[in-house]
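What follows is a single structure, written as structure tokens, with notes after it.
The values are calculated or read from the model by the stated rules, or taken from the named source; none is laboratory data. This is a predicted model, so every value here is computed, not measured. Neighbour counts run over all protein chains shown; Cβ positions are idealised from the backbone, glycine included. The area values use the complete protein model at the heavy-atom level, side chains included, leaving out ligands, DNA and RNA. Shrake-Rupley method; radii C 1.70, N 1.55, O 1.52, S 1.80 Å.
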Amino acid sequence: MAMIYNEPSHTFGEYLLVPGYSSAQCVPANVSLRTPVVKYKKGEESPLYMNIPMTSAIMQSVSGERMAIALAIEGGISFIYASQTIEEEADMIRRVKSYKKGFVTSDSNIRPDATLADILALKEKTGHSTVAVTDDGTANGRLLGMVTSRDYRVSRMDPSERVSSFMTPLDKLVVASDDTSLKVANDIIWDNKVNTLPLVDKQGHLKHLVFRKDYDSHKENVNELLDAHKSYVVGAGINTRDYEQRVPALVAAGADVLCIDSSEGYSEWQKRTIGWIRAKYGEDVKVGAGNVVDREGFRYLAENGADFVKVGIGGGSICITREQKGIGRGQATALIEVAAARDEYFQETGVYVPICSDGGVVLDYHITLALAMGADFVMLGRYFSRFDESPTSRLRIGGNYVKEYWGEGSNRARNWQRYDMGGDSKLSFEEGVDSYVPYAGSLKDNVGATLAKVRSTMCNCGALSLPELRDNARLTLVSSTSIVEGGSHDVILRETTE
């Protein structure tokens with residue numbers, strides 16, 4: 001008969017950390033979140049580290065080039081989504097690698113014959129009040145003017161009024177050449193008391209924008225993740241179908257690390273993919289694999305050359321694999337078993353293969369639990385989809401701002417390669433949903449708040465590094481009653497007004 005586990009599998013929400021002794025040195029400012037991304041041998045350093053243990057999911061609605069840049073600035077890695085053409089994904093990688101710090105490609109652009117109503121709709125979608133007016137409405141069109149919230153008053157203007165009639169025209173703007181250095185650009189901004197400096201080429205085409213508000217933040221990014229050429233580190237998703245064409249294109253574009261995007265990694269398809277990469281590139285190209293939920297799955301991928309292994313099946317907020325197919329495992333239980341398998345493999349072989357916890361994170365403290373249970377880093381979808389930097393539209397529904405968020409297994413994404421079992425090239429049934437998530441603002445602010453909680457909790461556990469957290473943490477299962485006890489209860493909450 002079928003093997004049946006004696007114990008039920010558990011989620012992060014069923015665990016709490018028990019505080020340990022905290023010395024006077026255990027203060028958040030002393031906590032290091034540096035963590036290895038790819039495998040290394042005992043006594044050696046990993047070829048790739050992150051400064052924070054966070055990656056963004058390989059999803060259309062999460063990881064585009066803006067997300068990759070913003071997360072690298074904070075010290076993490078985005079994995080650009082693979083459910084697009086090879087050329088499109090490679091172009092995204094190239095744009096991240098060529099991005100010049102402080103030089104922003106305008107993503108709010110409009111034609112001069114558009115209307116005030118179009119401006120308001122664009123602001124609603126992007127959340128940005130600065131709009132470039134170009135001849136063709138693109139980010140690199142010929143610059144004709146700029147529109148900010150100071151250029152119009154909704155209550156006194158007709159929505160049909162043309163942008164050309166109220167924009168600040170080019171001859172009244174302070175602009176600079178596209179070969180201007182960041183230091184000189186900031187000097188121009190301060191000398192002329194402007195908030196935005198457009199940089200244009202000799203033909204007058206808009207190339208970048210430099211913002212006054214970014215000046216301080218560029219000096220504060222002590223964790224930014226850079227390669228040897230001072231470009232931002234970026235990852236890329238691949239699949240098990242077109243890897244012979246996709247991998248060379250992504251490597252040529254500059255991707256620092258690859259990851260097989262699949263709902264279930266314990267398969268010959270992943271072995272073939274990793275084997276092809278090793279035969280062509282040796283150990284020079286780094287590739288993660290997964291997803292798995294047990295010791296056997298981890299051993300299989302580690303023994304076949306994976307540089308890191310992703311853990312988790314069916315735990316994502318938009319994933320319906322468990323209810324559609326009845327496969328998966330509680331994320332906490334899966335992670336604990338795979339972490340033990342990783343440590344066992346390290347003892348046997350002297351090779352440390354990092355593991356990534358993918359899915360199951362609902363609250364910020366679940367990230368800390370995942371790290372305490374053995375994860376070297378986490379991969380997050382819903383979390384990052386809420387931010388300005390995700391590729392989706394910001395909408396207003398029922399008086400609240402939301403962002404669109406859909407699964408790679410939904411009909412909207414139609415990413416059949418992620419669920420490929422060697423059959424027809426199509427999505428036979430959905431394993432993800434199409435949804436909305438509450439809009440949360442900028443990545444920088446939210447990641448900063450989340451990691452402040454992680455560092456504080458690590459201090460409560462007497463840990464100043466992630467290895468110390470794994471060694472020192474004490475975890476306890478909690479009952480349903482104690483979960484209720486952990487929130488506000490037996491009080492009447494005061495209503496707050498905005």
Those residues of the stretch 52-74 which are over 8 Å from the mean Cα position of the chain (by Cα) and under 11 Å from residue 377 (Cβ atoms), in sequence order: 52, 53
Leading residue by the ranking (nearest to residue 132 (Cα to Cα)) among those in the stretch 178-215 that are of a type in the set (S, T, N, Q) and open to solvent by less than 50 Å² (accessible area, probe 1.4 Å): 196
Can you find, within the stretch 130-163, the residue that is nearest to residue 391 (Cα to Cα) among those that are among the polar types (S, T, N, Q) and surrounded by fewer than 16 Cβ atoms within 10 Å (Cβ to Cβ)? 138
Candidate set: the stretch 82-93, residues that are buried (at least 18 other Cβ atoms within 10 Å of the Cβ) and not hydroxyl-bearing (Ser, Thr, Tyr); chosen: the one nearest to residue 231 (Cα to Cα): 93
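Here's the yes/no breakdown for (1) at negative phi; (2) of a type outside the set (A, V, I, L, M, F, W, C):
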position: 16; (1), (2): yes, no
position: 30; (1), (2): yes, yes
position: 49; (1), (2): yes, yes
position: 57; (1), (2): yes, no
position: 75; (1), (2): no, yes
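This table checks each residue for (1) at pLDDT 95 or above; (2) within 30 Å of residue 450 (Cα to Cα); (3) touching a His at 6+ places or on another chain (Cβ under 9 Å).
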residue: 104; (1), (2), (3): no, yes, yes
residue: 123; (1), (2), (3): no, yes, no
residue: 142; (1), (2), (3): yes, no, yes
residue: 152; (1), (2), (3): no, no, no
Given the residues 197, 206, 144, which is the only one that is in contact with a Pro (Cβ under 9 Å, 6 or more places away or on another chain) and over 30 Å from residue 86 (Cβ atoms)? 144
Residues that are of a type outside the set (A, V, I, L, M, F, W, C), in contact with a Leu (Cβ under 6 Å, 6 or more places away or on another chain) and over 20 Å from residue 334 (Cβ atoms), drawn from the stretch 355-393: 389
Can you give me the number of residues within the stretch 29-56 that are open to solvent by 30 Å² or more (accessible area, probe 1.4 Å) and in contact with a helix residue (DSSP H, G or I) (Cβ under 6 Å, 6 or more places away or on another chain)? 0
In the stretch 107-129, the residues that are open to solvent by 10 Å² or more (accessible area, probe 1.4 Å) and of a type in the set (Ser, Thr, Tyr): 115, 126, 129
Looking only at the stretch 282-338, count how many residues are touching a Gly at 6+ places or on another chain (Cβ under 7 Å) and of a type in the set (Asp, Glu). 1
Taking the stretch 451-482 and keeping only residues that are open to solvent by 30 Å² or more (accessible area, probe 1.4 Å), in contact with a helix residue (DSSP H, G or I) (Cβ under 7 Å, 6 or more places away or on another chain) and either among the aromatic types (Phe, Trp, Tyr) or part of a helix (DSSP H, G or I) (or both), one is left with 452, 453, 455, 456, 457, 470
Could you check residue 26 against (1) of a type outside the set (Gly, Ala, Ser); (2) over 30 Å from residue 480 (Cα atoms); (3) open to solvent by 50 Å² or more (accessible area, probe 1.4 Å); (4) touching a helix residue (DSSP H, G or I) at 6+ places or on another chain (Cβ under 7 Å) and say which number it fails? (3)
Residue count, the stretch 256-287, condition of a type in the set (Val, Ile, Thr) and farther than 21 Å from residue 313 by Cα, comes to 3
Going by the conditions given, is residue 363 touching a Gly at 6+ places or on another chain (Cβ under 9 Å), open to solvent by 50 Å² or more (accessible area, probe 1.4 Å) and modelled with pLDDT of 95 or more? yes
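Take the stretch 322-343 and flag every residue that is part of a helix (DSSP H, G or I), open to solvent by 20 Å² or more (accessible area, probe 1.4 Å) and without any contact (Cβ under 8 Å) to a residue 60 or more places away in the chain.
Result: 322, 323, 336, 337, 340, 343.
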One residue from 165, 155, 129, 149 being of a type in the set (Ser, Thr, Tyr) and farther than 25 Å from residue 401 by Cα: 165
